[in-house]
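Let me begin by presenting the structure, written as structure tokens, before commenting on it.
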Amino acid sequence: MTIPELVETYKDEYIAIRRDLHQHPELSKQEFRTTEVVKRELSKCGIEILDTELETGCIAVIHGKGPGKTIALRADMDALPVTEETNLPFSSQTEGVCHACGHDIHTASLLFTARILQEKREEFNGTVKLFFQPAEECGAGALSIIKAGGMQDPKPEMILGMHCSPDIPAGMIGLKKGPAMADGSLVKIKVIGKGGHGAHPYRAVDPIAIACFLYCQLQTIITRENNAAYPAILTFGSIHGGNAGNVIPDTVELAGGLRTFNEESRDNILAAIERMSKSCCEAMRGTCEVTIKKGPGPLVNVPWVIDRVAEATKKVLGEDKIYNIEIPSPGGDDFLLYLKECPGAYFRIGTWDQTKPETGHGLHNAQNVFDERGMCSGVAAMSQAALDFLQDLN
Ligand code: NI
């Protein structure tokens, strides 16, 4: 059978698995039931599960008929601390937790892809490694798969992953060459002044006045110091200082994040934040402590891998199902860590239905409904891309 025929044959089974996972979401590092379901389904198909130190998640392997290349395919599995408001018959049964980022679809899709490739194992050489990755939302999961040996013995020569997109029509595959997702760096600034009476600011050093001034100045880095060819977003989502209207506090704390798509641009902005914080505070008689947690880098898709996914999409879905993504997403994903070790691509599967507004609320939204047609298209494209890669001797 061809891949589209296999997708058609098994789709109800895997949609049912997806809905079961959706009903039983689990937070990062707690994906115990999800891991059980994954292992059960892999075992049913006779797929080998590697013995690793992973507490949740797993690595599985499909062997082709002879030696050859290695490809890795990755799905994330964790849910979010969000209370579901979709009213779906298979809504989350766990209070306060739901699959608002579609990772249930990713997990079921990789199981489905594994089934297809296992059935076709006599048609290719080499190895398929399956990464059922825990803890994407907290940024720890990709590292745990890498530490568990995912990228060694054999080392993959290409890796693919996919993510739902409520911005792309269901049934389409979203592709973006080069930078596709942002680096996320964290910034904390503690402005240190000198507390006192609100009536005598001249005897104190007012950290609230300094923080207000500094906040505005920091935004000028984005427009005046960063090269506008490289987008950057600096958001401070938390500013805390003081307890009473007539008391000048000792300190104010600002916490925020920087999103960038280029490492040089990120490093320049982080250095400017440090420089400007120190000099603004000094100019206003205060001091500061700046704590920076540099992000792991942007997610950059390798062009030739995107070309391969496009070719596969054309074969199984048709050329009109390719959606060219123009603008990178300011969101982040730890998939980028695999891309530091081997070429690969992270592509999007459309889950938006124009006629159903509930499918367009966006990721991490409690009301968003994911159109399951996206799952079938994603499975077809990923399975074909993997098969083509392993059949191609170059
Ligand atoms: Ni996600």
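How large is Rg over Rh for region 183-293, taking Rg from the Cα atoms and Rh as the Kirkwood inverse mean of 1/r across Cα pairs?
Numbers: Rg = 14.8 Å, Rh = 14.4 Å.
That ratio equals 1.03.
Can you give me the % of accessible surface on region 183-293 that is carbon or sulfur? Probe 1.4 Å, all protein chains present, nothing else counted. Display every interim value, and only then the final one.
Details: 3240 of 6080 Å².
Percent of accessible area from carbon and sulfur atoms in region 183-293: 53.
Note down the nm distance, to one decimal, between modelled labels 7 Å out along Cα→Cβ at Asp388 and at Ala228.
3.8
Using every alpha carbon pair in region 79-193, what percent of pairs falls into each 10 Å bin from 0 up to the bin containing the largest distance?
9, 29, 36, 18, 6, 2, 0, 0
Would you mind getting me the FRET efficiency between Thr83 and Lys294? Use the beta-carbon distance for r and R0 = 41 Å, nearest 0.05. Before the final figure, lay out each step's value.
Working: r = 33 Å, r/R0 = 0.81.
Taking R0 as 41 Å, the efficiency between Thr83 and Lys294 is 0.80.
Report, to the nearest 10°, how far helix 373-391 tilts away from the longest principal axis of the Cα atoms in the chain, using its own Cα long axis and a range of 0 to 90°.
70
In percent, how large is the relative contact order of region 89-178, given Cα pairs closer than 8 Å and 6 or more residues apart? Before the final figure, lay out the partial values.
On the way: 27 pairs, mean separation 26.7, N = 90.
Dividing the mean separation by the residue count of region 89-178 yields 30 percent.
Place a point 7 Å from Cα of Ala283 in the direction of its Cβ. Which residues in region 212-244 have their backbone N less than 16 Å from it?
So the set is 212-225.
What are the equivalent ellipsoid semi-axes of the chain, built from the alpha-carbon gyration tensor (square roots of five times its eigenvalues), in whole angstrom, biggest first?
Working: eigenvalues 399, 99, 74 Å².
Computed over the chain, the values are 45, 22, 19 Å.
When the helices in the chain are scored as -39500 (n - 2.57) per DSSP H run of 4 or longer and the sum is shared across all residues, what 222 nm value do you end up with, to the nearest 500 deg cm²/dmol? Let's see the in-between values first.
Values: 9 runs with 130 residues, N = 394.
Computed ellipticity for the chain at 222 nm equals -10500 deg cm²/dmol.
Report, in degrees rounded to the nearest 10, the 0 to 90 angle that the Cα long axis of helix 207-220 makes with the longest principal axis of the chain.
With rounding to tens, the tilt is 50 degrees.
Can you give the relative contact order of region 183-293 as a percent, counting alpha carbon pairs under 8 Å and 6+ residues apart?
44
Using only Cα atoms, find the angle between the long axis of helix 3-23 and the longest principal axis of the chain, and express it within 0 to 90 degrees, rounded to the nearest 10.
Approximately 50 degrees, to the nearest 10.
Calculate, in nm to one decimal, what Asp167 and Leu186 gain on full extension: separation in residues at 0.36 nm each, minus their alpha carbon distance.
On the way: separation 19, 0.36 × 19 = 6.84 nm, distance 2.69 nm.
Result: 4.2 nm gained on full extension.
Given region 93-133 reduced to its alpha-carbon atoms as identical point scatterers, what log10 I(q)/I(0) does the Debye formula return at q = 0.31 Å⁻¹?
Each listed q corresponds, in turn, to -1.08.
Would you mind getting the accessible area per residue of region 183-293, heavy atoms of the protein chains only, 1.4 Å probe, in Å²? Walk me through the numbers before you get to the answer.
Values: 6080 Å² over 111 residues.
Value returned for region 183-293: 55 Å² of accessible area per residue.
Rounded to a whole number, what % of the accessible area of region 295-394 do carbon and sulfur atoms account for, probe 1.4 Å? Mind showing how you got there, number by number?
Details: 2150 of 4180 Å².
Exposed carbon and sulfur together represent 51 percent of the surface.
I'd like to check one number: the per residue accessible area of region 83-126, probe 1.4 Å, reported in Å² as a whole number.
35
Quick one: order His24, His99, His364 from most to least accessible surface, probe 1.4 Å. Show your work: numbers first, answer last.
On the way: His24 50, His99 5, His364 90 Å².
Largest accessible area first, the list is His364, His24, His99.
Treat each spin label as a single point 7 Å out from the Cα along the C-beta direction, and report the Ile239 to Glu253 distance in nm.
1.7
Over the chain, what relative contact order in percent results from Cα pairs under 8 Å that are six or more residues apart? Before the final figure, lay out each step's value.
Working: 910 pairs, mean separation 91.7, N = 394.
Relative contact order, the chain: 23 percent.
Give the aspartates and glutamates whose C-alpha is closer than 15 Å to that of Lys278, dropping any in the same chain fewer than 8 places away, or say none.
Filter leaves Glu253, Glu289.
Under 20 Å from a label point 7 Å along Cα→Cβ of Asp320: give me every residue in region 148-190 with its amide N that close.
168-175
What net charge is computed for the residues neighbouring Lys315, neighbours being all others with C-beta under 15 Å from the C-beta of Lys315, Lys and Arg scored +1, Asp and Glu -1? Before the final figure, lay out each step's value.
Values: positive: Lys120, Arg308, Lys314, Lys321; negative: Glu5, Glu123, Asp307, Glu311, Glu319, Asp320, Asp388, Asp392.
Around Lys315, the charge tally is -4.
Roughly to the nearest percent, how much of the accessible area of region 28-158 is carbon and sulfur, given a 1.4 Å probe? Numbers along the way, then the final one.
On the way: 2400 of 5120 Å².
So the carbon and sulfur contribution to the accessible surface is 47 percent.
By a straight-distance test (C-alpha under 17 Å), which aspartates and glutamates pair with Lys11 as possible cross-link partners, with residues fewer than eight away in the same chain excluded?
Asp20, Glu41, Asp104, Glu119, Asp371, Glu372
Any idea how far the Cα center of region 380-394 sits from the one of region 62-76, in Å?
Centre-to-centre (Cα) distance: 10 Å.
Of Lys177/Lys321; Lys39/Lys177; Lys155/Lys315, which ones are farther than 23 Å apart at the Cα? Each step should come with its number before you reach the end.
Values: Lys177/Lys321 17 Å; Lys39/Lys177 33 Å; Lys155/Lys315 28 Å.
From Lys177/Lys321; Lys39/Lys177; Lys155/Lys315, over 23 Å: Lys39/Lys177; Lys155/Lys315.
The values are calculated or read from the model by the stated rules, or taken from the named source; none is laboratory data. Since this is a predicted model, take the numbers as computed values, not measurements. Quick reminder, even Gly has a Cβ in these numbers, built from the backbone with ideal geometry, and neighbours come from all protein chains shown. Please note that ligands, DNA and RNA were not included when accessible areas were found on the heavy atoms of the full protein model with its side chains. Shrake-Rupley method; radii C 1.70, N 1.55, O 1.52, S 1.80 Å.
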